[in-house]
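Presented below is the structure to which this report refers.
The values are calculated or read from the model by the stated rules, or taken from the named source; none is laboratory data. This is a predicted model, so every value here is computed, not measured. Backbone-built Cβ (ideal geometry, glycine too); neighbour counts: all protein chains shown.
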């Protein structure tokens, strides 16, 4: 790290991202275009490491890059008195999404466990069985398929 800023490779290493990620984030507006050295190298301020870590953490929490961009913009303008666009409101909305996905995944897990317990081995044969726990069994009941588990 130099006193005049971080080069792309240094920043990418420090933040744990790929150097191409920096340019992509610049194009998306998540990172400001860096100043250039006399030799044409991109030079980023040291606090960009923190910003990149924030972006990556937000993504791990389930926020899309568009949502991250909105959160960053809201943070820059938080003195405007619009709590409906800030982190609290968006975190609550994301939590609702995550809880719904967890509920969906729980149903999927339980259905797969039931399919394993029922001994389902052939997807087509199982679909025609009245004891098949997979959700398409209701559709197969309209057909006169085999009734094996």
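Determine whether residue 104 is outside the structural domain of residue 13 (by TED's automatic domain parsing), modelled with pLDDT of 90 or more, out of contact with any strand residue (DSSP E or B) (no Cβ under 7 Å at 6 or more places or on another chain) and in a helix (DSSP H, G or I). The answer is yes for residue 104. A search for C-beta distances below 6 Å between a residue of the range 4-24 that is assigned by TED's automatic domain parsing to the domain that holds residue 50 and closer than 10 Å to residue 49 by Cα and any residue that is modelled with pLDDT of 95 or more and outside any helix (DSSP H, G or I), counting only pairs 6+ apart in sequence or on different chains, returns 6/44; 11/44. Just one of the listed residues (115, 89) is under 24 Å from the mean Cα position of the chain (by Cα) and modelled with pLDDT of 75 or more, namely 89.
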